[in-house]
Amino acid sequence: MKHMAKSLGILILSILAIHLIYVGYIWPEAEHILEASKQAGTSAPRDLIIILKDAEQEICFILMLWGIFLIGDRCFNIVKDGYLYDVDLLDTSGAEEEGLSSILSKIENLPVKIRSSPLIQTLTSSIRRYLITDDVQNTSDAIETSVDALALRQEAGNSMIRYLIWAIPSIGFIGTVRGIGAALSQADQALAGDISGMTNSLGVAFNSTLVALVISILLMFLLHQLQRLQDNQIVDTQAYCEKFLLNRISKLGDL
């Protein structure tokens, strides 16, 4: 719930920030350029402001900022827990005498932010399985099950990002349809010799698609970087449990 509220808050901030930029700069500047072109009897120039001026591009930029936050937040959560993979959480004083139950108790008393990390969740579930079954193979199965569950959670967590990457080109296509429709409605004026209205409408059609595709390419690149981090996290989690847990209980069955 807290994460959802944070995500919605960032979406609202993105809407406000982009809309203020459009209202304060892009729309007035675009209107000035279009008015100058109209007085000169020419088509609107291919300036960046003209390319970005339409509502579809504004929506695409809002979704881009939101998508960047979603990706960046997930990447940050993975990176901030990276140091745990270099710490032997089972190496506590007296571990050989106290056993895994004592180690599990100490791990469960760690701060909530640490306990919520995928590594700690996998480690605690695996230790519990060993304490219940006293079997190395069952513990190994528990590790694999936890790692598979982690992969599924990561994939489910990326669903909104994937939706945004799909939605942004779709919004650009809506602008294309709107622009082509407006251009066709001005066919009579074009036949009469005034093609400025038709060319401006076609500009709307192609500009929205251009901006949407560029943004979707950027978000797709960032998503691939996120997936690379997530894959590394899965591999590191399994390797950690095998190195520090399975190795230890295989040699010290009485832990």
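Of all residue pairs spaced 6 or more apart or on separate chains, those with beta-carbon atoms under 8 Å, a first member in the range 71-84 that is modelled with pLDDT under 90 and a second member that is crowded, with 17+ Cβ neighbours inside 10 Å and of a type in the set (A, V, I, L, M) are Asp81/Leu119; Leu84/Leu119; Leu84/Ile120. Being part of a helix (DSSP H, G or I), modelled with pLDDT under 90 and of a type outside the set (D, E, K, R) narrows it down to one of Ile49, Ile15, Ile21, Ile62, so name that one. So the residue among Ile49, Ile15, Ile21, Ile62 that is part of a helix (DSSP H, G or I), modelled with pLDDT under 90 and of a type outside the set (D, E, K, R) is Ile49.
Residues checked against (1) surrounded by 12 or more Cβ atoms within 10 Å (Cβ to Cβ); (2) touching a strand residue (DSSP E or B) at 6+ places or on another chain (Cβ under 9 Å); (3) more than 30 Å from Cys75 (Cβ to Cβ); (4) in contact (Cβ under 8 Å) with a residue 60 or more places away in the chain:
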position	(1), (2), (3), (4)
Gln137	no, no, yes, no
Ala149	yes, no, no, no
Glu155	yes, no, no, no
Gly175	yes, no, yes, yes
Ile180	yes, no, yes, no
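One residue stands out in the range 85-109 among those that are at pLDDT below 85 and surrounded by 15 or more Cβ atoms within 10 Å (Cβ to Cβ): the one that is farthest from Tyr240 (Cα to Cα), namely Ala95. Residues in the range 18-42 that are of a type in the set (A, V, I, L, M) and either closer than 21 Å to Arg74 by Cβ or loosely packed, with under 12 Cβ neighbours inside 10 Å (or both): 3 in all.
The values are calculated or read from the model by the stated rules, or taken from the named source; none is laboratory data. The model shown is predicted, which means the values in this text are computed figures rather than measured ones. Cβ coordinates were reconstructed from backbone atoms using ideal geometry, including for glycine residues, and neighbour counts include every protein chain displayed.
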